[in-house]
Amino acid sequence: MKVALWKIAHARSGDKADRADIGLFAYDAATYAVLKREVTVARLTQHFAAMGAGPVELWPLDNILALKIVLNAALQGGAARSLRMDNLGKNVAAQLLRMEIEAPQDLPRLLLK
Amino acid sequence: MKTIRIGAGLGFYGDSWRPVRASIERGGVQYIASDHLSELTLAILQKDRQKDPAAGYARDAVPMLAELWPLAAKHGVKFILNAGGLNPQGAREAIARAFRDKGWKATIATVSGDSVLERIDELRAAGEPLAHMDSGEGIASVRERMLFANAYLGAQPIAEALARGADIVLTGRVADAALTLGPLAHEFGWKWDDWNRMAAGLTLGHLLECSGQGSGGNFGSAGEWAKVPDYAHLGYPIAEVSEDGSALFTKPPGTGGRVSFDTIRQQLLYEVHNPHAYVSPDVVLDMGTLRFDDEGGDRVRISGASGAARPARLKIVAGYQDGWMGTGMIGFAWPEAYAKCEKSAEIIQTLVQERGWTPEETNVEYIGYNSLLGENADPTYRDQLNECFLRMTIRTKDRRVADGFGRLFPWLGLSGPPYVGSMKGVQPAKELLGIWPTLVSRELVEKSISIEIENI
């Protein structure tokens, strides 16, 4: 079934020059395996296309159940020359949590009341 | 077994130092590592320096130390801070003046040599192209517009300053984590090519450098953020470090916030590019071997950092003038709040065209709808919003156009769509700065590092 990432993961984003970067974290190992499979460079590129971002980079970190995501050329040249309200890219993580992926319905987090 | 406790100071210029008191009073810390500089901060400090040559440092260091020093001195706590910004000597003079007024004594070390703005030609003559790190573009296009250029120094001068008896180490631009790695290397006598220990120190410095973000603040999540206890009294994180570089990560007792596997790993990856090669001046860290063991009760054991040899080149971040931003804003209430914002944007665009203004870029955002979520905003309720604000910004080389743009908006109050709010004055043109990251051979920078010791 389709599941929005905010239901099964948490995330923080920041900036370095013209790059926005996101850490995406599974609450548990079962979810991490799903994130690793479903949150791909292709999906991310599509999800952030409107930001005009350059190449997307992605690294899985099994030791902390996390995906490290970097959106190159995503901040209009950097925070100090950006025209955007979110010049620091702090909400790029919130944007990511709105992405929907295919996930089994019995993930631990989805069974929580 | 000897352990060293280092507490986080500020996480940015303008952060609160109130929580640092708890770390000193009951956190058992020996050092406070206080990070006043973001990538952006030097741009702010440069504007200060243009107005007043004695300025150009993070002014908050003065009231921070004025408030905390008596307590710090009583507990034998030393401060490492990069509040020197573009003018470490100016910062030292301001702090020394405040201390002398109060009759306090301290040994202050000032580390400088990071600023290379005056040395650009010298560095280029020495064979450094200083091309843009990402795009490869040559520096000639921005050379004349450059406002600051600073290399990120490492932890060695900080450790040396401590070895020379400093109570307060004041630096300009250093790698944020060097504020923590410096005292650790000094205390434990770590060898500068002991890459795994260097990597451990870098990890801890990185976890401490954003103050409350390392202890439950800004916990990016849906729902979970609300479970972080007592934000109003959130304690800043503390690392209790052993000689082998492993550490207990925690916060002072009786404070709010949360130190857990979840909150710490968010900070670990914050503003990191390749996590298997997190480059600092002192070591290249691989985060893939780290182990976080959550013991509960705001205690996480950290171990397993692995490092590779430090880079041959240091990073420089320079800032250059890059035009002006004009800003206008107007808010509307129901009914048709969004539609009225959209109509106003259209009207403003017409006025801009009729004036013959040709901004290089126009940015239209709807606050309350998409100004933070962009294209990922959910449009379901867009046409039923209770209220919505239009924010428009333009990019132009002409400062007068940027100023004039904001002045177009108040007129809408009487001659545009109904039920307006937020008529709070006109925003003046704002100078935009481009960031120029580049690399330079470390010897060329390091030969100019100076450490001055002053007893006051």
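Rounded to the nearest 100 Å², what is the sum over both chains of accessible area buried where A meets B, with a probe of 1.4 Å?
Answer for the A-B pair: about 4300 Å² buried.
Loop-only GluC sites (Glu not before Pro) in region B:177-265, please: DSSP not H, G, I, E or B, and at most 16 other Cβ atoms within 10 Å.
For GluC sites (Glu not before Pro) across region B:177-265 that sit outside H, G, I, E and B with at most 16 neighbouring Cβ atoms in 10 Å, the list reads B:E243.
Accessible area drop of at least 10 Å² (1.4 Å probe, protein heavy atoms): which residues of region B:247-266 qualify, relative to the chain alone?
B:F261, B:D262, B:R265, B:Q266
Just to confirm, what accessible area per residue do you get for region B:375-439 at 1.4 Å probe, in whole Å²?
Value for region B:375-439: 56 Å² per residue.
Along the charge dipole of region A:47-113, pointing to its positive end and built from +1/-1 on Cβ of Lys, Arg, Asp and Glu, which listed residue (A:W59, A:A79, A:H47) has its Cα farthest out?
Going by the Cα projections, it comes out as A:A79.
Using a basic spin-label model with each label point 7 Å from the Cα along Cα→Cβ, how many nm lie between A:R98 and B:K227?
Taking the simple label geometry, A:R98 and B:K227 are separated by 2.5 nm.
Among B:T350, B:F332, B:A140, whose Cα lies farthest out toward the positive end of the dipole of the protein assembly as shown, if unit charges sit on the beta carbon of Lys, Arg (+1) and Asp, Glu (-1)?
Selected residue: B:F332.
Run the helix sum for chain A: -39,500 (n - 2.57) per DSSP H stretch of 4+ residues, divided by residue count, reported at 222 nm to the nearest 500 deg cm²/dmol.
Helix contribution divided over all residues of chain A: -6000 deg cm²/dmol.
Once the cut-off is 41 Å, how many percent of the Cα-Cα pairs in chain B end up in the long-distance tail?
Cα-Cα pairs in chain B separated by more than 41 Å: 27 percent.
So how far apart, in nm, are the two label points at B:E387 and B:R301 if each is 7 Å from Cα heading toward Cβ?
Using points 7 Å along Cα→Cβ, the separation is 5.3 nm.
B:G404: net charge of surrounding residues, Cβ under 15 Å, Lys/Arg +1, Asp/Glu -1, itself excluded?
Cβ neighbours under 15 Å give a net charge of +4.
Between helix B:337-354 and chain B, what is the angle of the helix's C-alpha long axis to the longest principal axis, kept within 0 to 90° and rounded to the nearest 10?
80
Between B:E446 and B:S415, how high is the FRET efficiency from 1/(1 + (r/R0)^6) when r is the Cβ-Cβ distance and R₀ = 51 Å? Nearest 0.05.
0.25
Looking at B:G76, B:A94, B:M64, which one has the Cα that reaches farthest to the positive end of the dipole of region B:22-152 (charges on Cβ: Lys, Arg +1; Asp, Glu -1)?
Checking the options against the dipole of region B:22-152, the answer is B:G76.
Rounded to the nearest 500 deg cm²/dmol, what is the calculated helix-only ellipticity per residue at 222 nm for chain B, with -39500 (n - 2.57) per DSSP H run of length n ≥ 4?
-8500 deg cm²/dmol
Please give the charge dipole size of the protein assembly as shown, origin at the Cα centre, charges +1 on K and R Cβ atoms and -1 on D and E Cβ atoms. Round to the nearest 20 debye.
It comes to approximately 820 debye.
Based on Cβ point charges of +1 for Lys and Arg and -1 for Asp and Glu, what charge dipole magnitude is obtained for chain A about its Cα centre, in debye rounded to the nearest 20?
Here the size comes out at about 220 debye.
Give me the distance between the Cα centres of region B:115-148 and region B:329-365, rounded to whole Å.
If we compute the Cα centre of each part, the gap is 39 Å.
Which one of A:L75, A:L44, A:L83 has the biggest mean-square fluctuation once chain A is modelled by GNM with Cα springs under 10 Å?
The residue with the greatest mean-square fluctuation here is A:L83.
At a 1.4 Å probe, what is the % contribution of carbon and sulfur to the accessible area of chain B?
Roughly 50 percent of what the probe reaches on chain B is carbon or sulfur.
With a sphere of radius 15 Å drawn around the Cβ of B:Y338, what net charge do the other residues whose Cβ falls strictly inside it have (Lys, Arg +1; Asp, Glu -1)?
-3
Report, to the nearest 10°, how far helix B:88-102 tilts away from the longest principal axis of the Cα atoms in chain B, using its own Cα long axis and a range of 0 to 90°.
The two axes meet at around 70 degrees.
Would you mind calculating the gained length between B:D193 and B:E137 on full extension (0.36 nm times residue separation, minus the Cα-Cα distance), in nm to one decimal?
16.8 nm
Give, rounded to the nearest 20 debye, the magnitude of the charge dipole that region A:23-83 has about its Cα centre when Lys and Arg contribute +1 at Cβ and Asp and Glu contribute -1 at Cβ.
Taking the Cα centre of region A:23-83 as origin, the dipole is about 160 debye.
Using square roots of five times the C-alpha gyration tensor eigenvalues, list the equivalent-ellipsoid semi-axes of the protein assembly as shown in whole Å, biggest first.
Result for the protein assembly as shown: semi-axes of 38, 31, 23 Å.
For B:K102, which lysines qualify as cross-link partners when the Cα separation must be under 24 Å and same-chain residues fewer than eight apart are set aside?
Cross-link targets: B:K74, B:K78.
Counting trypsin sites (Lys or Arg not before Pro) as exposed when in a DSSP loop with at most 15 other beta carbons within 10 Å, what is the longest stretch of chain B free of them?
B:192-298
The values are calculated or read from the model by the stated rules, or taken from the named source; none is laboratory data. None of the values given here were measured: they were computed from a predicted structure. Here Cβ is always computed from backbone atoms with ideal geometry, including for glycine, and neighbour counts include all displayed protein chains. Accessible surface areas use protein heavy atoms only, side chains included; no ligands, DNA or RNA. Shrake-Rupley method; radii C 1.70, N 1.55, O 1.52, S 1.80 Å.
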